[in-house]
1. Starting from the amide H of Ser323, placed 1.01 Å from N in the peptide plane, find each other amide H under 5 Å away whose residue is 5 or more places distant or on another chain.
2. Along the Cα-to-C-beta direction of Gln126, a point sits 7 Å from the Cα; which residues of region 179-194 have their amide N less than 19 Å from that point?
3. By per-residue mean of other Cβ atoms within 10 Å, what is the highest-first order of 367-374, 222-229, 259-266?
4. Per residue, how big is the convex hull around the C-alpha atoms of region 256-319? Give it to me in cubic angstrom, could you?
5. Could you compute the FRET efficiency for Tyr191 and Lys325, with r as their C-beta to C-beta distance and R0 at 56 Å, rounded to 0.05?
6. Can you tell me the FRET efficiency between Glu372 and Val236 if r is taken as the Cβ-Cβ distance and R0 is 51 Å, rounded to the nearest 0.05?
7. Could you sort out which of Lys72/Lys178; Lys178/Lys241; Lys72/Lys102 sit more than 20 Å apart by Cα distance in this structure?
8. What FRET efficiency comes out for Glu103 versus Phe262 if R0 is 22 angstrom and r is the Cβ-Cβ distance? Round to the nearest 0.05.
Amino acid sequence: MAQTQLIDSNLTAETKLINSLDMDVPGVIQPFLNSLYGGEFGDFWAITFWGIPMANLAAALGVFGFFLLLRKLFTRIVMGFLTFVSRKTETKLDDRIILALKEPIRFAFIVVGAHLFFLLIFKENQIIKLLLESTIIITIFWALISIVEATKGLLFHYSDSNIHLSRELSAFVIRIIKIVIFGIGLSTLLYTWGINVTALIASLGLGGLAFALAAKDAASNLFGSIALLMDKSIKVGEWVKIGSVEGVVEDVGMRTTKIRSFQKSLITVPNQVVANNPIENFSRRGIRRIKMRIGLTYGTNSQQIENITQDIRGMLQAHPGISHKDTTLVNFDTFGDSALSIFIYTFTHTAAWDRYLEILEDINIKIMHIVEKNGSSFAFPSQSLYVESMPEKENT
């Protein structure tokens, strides 16, 4: 008892300060600090910097550094446990979700380290508390958005095998869910800081009017997007023409549709414009038309023309690249100024540009062979000039 009183009488001001502090530190950290302050170098560890005892400052830096440096190891342990549990299920969805949670879990360990850091330096005031709560909220909603993103691939796979659910509609649903989660997260974050969202928008005055006008345009584009998705008038990868814009659809978003022109420039069109304009979808025609004329010289007789038209007609009917269920016309129809014209009209079985050109090239070469085989030749624009008389030479 006397020894205890002697120790108490020899305590420095710093040590008395430590004894008066209420350090609510969980786990093994509190006993460790108590051993430092009660040990041989207790007075040294009690020296304060900016009102923070050295032992607490060292422990705070050590704990935060520990969580920061070992966050990957912690994440690996947690991921390993979750993966072990997910192996007992047959679905792959839980595997995707676990993989999506990797980064939020890693960040969560940093948040825990930051919480202990401020707890150890006695700086967990109201602002610090709100900041820590905000990071927790951000981490939670980040994890939720990551989970939604992880289900996108599975939803796309399902949409590819379901005629009633397009890939574009699936992407639209994913975006809507993300926006809802983001909106709830933002509202929760503002509520944590004591901010009333409704009152904030109402207090904007002219800014609120501008916000309402912007919301009107956003709503128009949103409903335009919904109309496009419900009608299924365009899809990603299709060749379309909307007004003066022509190209391949790259994305159908909530506000705009992105089209890559054949000059490789990216054109962004508001969805309300797309929904309110005629859409010419070349990719959905399934076939592609061949329409041309060939001109034969006027030295070609009637029998040759008849043979040539019959041979071309037979060649097209037997050609594997021609759609035989659609119209095919080969007729001698016009006496031109410089040629006997044969009209050719048919359809290829594909709408793909590269395959269409291959078929067209093969048909053109076969037509040349047919014309040559029948002893005729192709005409070209020409004029005949007849001179009735020549001027007489003057006698010199």
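1. The list, which skips near neighbours in sequence, is Phe347, Thr348, His349.
2. 189-194
3. Details: 367-374: 15.6, 222-229: 18.6, 259-266: 11.9.
Top to bottom by mean Cβ count within 10 Å: 222-229, 367-374, 259-266.
4. Working: hull volume 10.4 nm³, N = 64.
Once divided by residue count, the hull of region 256-319 is 162 Å³.
5. Details: r = 65 Å, r/R0 = 1.15.
About 0.30, to the nearest 0.05.
6. Working: r = 46 Å, r/R0 = 0.91.
So the FRET efficiency works out to roughly 0.65.
7. Details: Lys72/Lys178 27 Å; Lys178/Lys241 31 Å; Lys72/Lys102 10 Å.
Correct reply: Lys72/Lys178; Lys178/Lys241.
8. On the way: r = 39 Å, r/R0 = 1.78.
With a Förster radius of 22 Å, E is 0.05.
Values quoted throughout were computed directly from the atomic coordinates according to the rules given, and no laboratory measurement underlies them. On a predicted model such as this, the values are computed, not experimentally measured, just so you know. Because the Cβ atoms are built from the backbone with ideal geometry, glycine has one as well, and the counts that use them run over all protein chains shown.
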